[in-house]
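This report refers to the structure that appears directly beneath it.
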Amino acid sequence: MFHKLRINPSRNNFTRQRGSALVIGVFIITVMFLLAATLINVLNDADQQISVEVWGTRAFAAANSGADKSLATLFPLDGNPGSCSVQTTWNIGSDTGLVGFHGCKVEMKCSKVEVNLPASNMTQYLITSTATCSSGDCDSGRSSDASCIRVSRQVEVEARD
C-alpha cells in the first residue's frame with residue numbers, strides 16, 4: 001500500500017516568503033522618516049517666515065519714526081526754520097529705550113530743492129528714512145550665520161514750505 005505524502009501548500013509558501021515582512025517594515029520606517037523630515041523642514045521655514053515678517057514690521061515702524069523725526073526737525077513747533085541735514089543716523093532702540101526697536105538703526109537723508117515760480121518761491125524737501133533691524137549674530141563676520149535675520153524698510157516723504 002502506498003501512502004500519499006501530503007504537502008501542506010501554505011507551509012511551503014511561508015518558507016519561500018521568509019524575511020519579506022522585514023523588508024516591508026524597513027520600507028515603511030524609511031517612508032515615515034522621510035515624511036517626518038519634510039514636515040520638520042516645512043515648520044522651520046514657516047517659523048523663519050514669521051520672524052522675517054515681525055522684523056519687517058518693526059523696520060517699517062522704525063522707518064516711519066525716522067521720517068517723523070526728520071519732519072519734526074525740519075518743521076519745529078515753535079515756528080523757527082528747521083534744518084535739512086544731509087544724513088543722520090539714529091539708533092532708535094538704544095536712544096529711546098524702546099524694547100521693540102532693539103537692534104534697529106535708522107538712516108535719514110534730507111535733500112531740498114528751491115523752486116522759483118513767478119507767483120511765489122518755495123522749497124521742496126525729500127526725506128528718505130531707511131531702517132535696518134537685525135537679530136542674531138549678524139555682525140560676526142561669518143558668511144553663513146543661520147541665526148542672523150536682517151530686514152530693511154525704506155520710507156520717503158515729500159514736504160514743502
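The single condition among (1) among the polar types (S, T, N, Q); (2) open to solvent by 70 Å² or more (accessible area, probe 1.4 Å); (3) more than 23 Å from Trp55 (Cβ to Cβ) that Ser94 does not satisfy is (3).
Pro81 satisfies every condition listed in (1) modelled with pLDDT under 80; (2) at positive phi; (3) surrounded by 10 or more Cβ atoms within 10 Å (Cβ to Cβ) except (2).
Could you pull out the residue among Gly66, Gly56 that is within 16 Å of Ala159 (Cβ to Cβ) and either outside any strand (DSSP E or B) or open to solvent by 70 Å² or more (accessible area, probe 1.4 Å) (or both)?
Only one candidate qualifies: Gly66.
Check segment 133-141 and report whether any residue there is part of a loop (DSSP other than H, G, I, E, B), surrounded by fewer than 14 Cβ atoms within 10 Å (Cβ to Cβ) and touching a helix residue (DSSP H, G or I) at 6+ places or on another chain (Cβ under 7 Å). No; the residues of segment 133-141 include none that is part of a loop (DSSP other than H, G, I, E, B), surrounded by fewer than 14 Cβ atoms within 10 Å (Cβ to Cβ) and touching a helix residue (DSSP H, G or I) at 6+ places or on another chain (Cβ under 7 Å). Residue check: is Ile28 under 19 Å from the mean Cα position of the chain (by Cα) and either closer than 30 Å to Ala159 by Cβ or part of a helix (DSSP H, G or I) (or both)? No, not satisfied.
When residues in segment 97-131 are screened for being open to solvent by less than 80 Å² (accessible area, probe 1.4 Å), under 22 Å from Ser152 (Cβ atoms) and in a strand (DSSP E or B), 12 of them pass. Does segment 9-23 contain any residue that is open to solvent by 90 Å² or more (accessible area, probe 1.4 Å) and modelled with pLDDT of 85 or more? Yes, there is a match, as at least one residue in segment 9-23 is open to solvent by 90 Å² or more (accessible area, probe 1.4 Å) and modelled with pLDDT of 85 or more.
The values are calculated or read from the model by the stated rules, or taken from the named source; none is laboratory data. Keep in mind that what you see is a predicted model, and the values were worked out from it rather than measured. Don't worry about glycine lacking a Cβ; one is built from the backbone with ideal geometry, like all the others, and counts go over all protein chains shown. These accessible areas exclude ligands, DNA and RNA; they are computed on the full protein's heavy atoms, side chains included. Shrake-Rupley method; radii C 1.70, N 1.55, O 1.52, S 1.80 Å.
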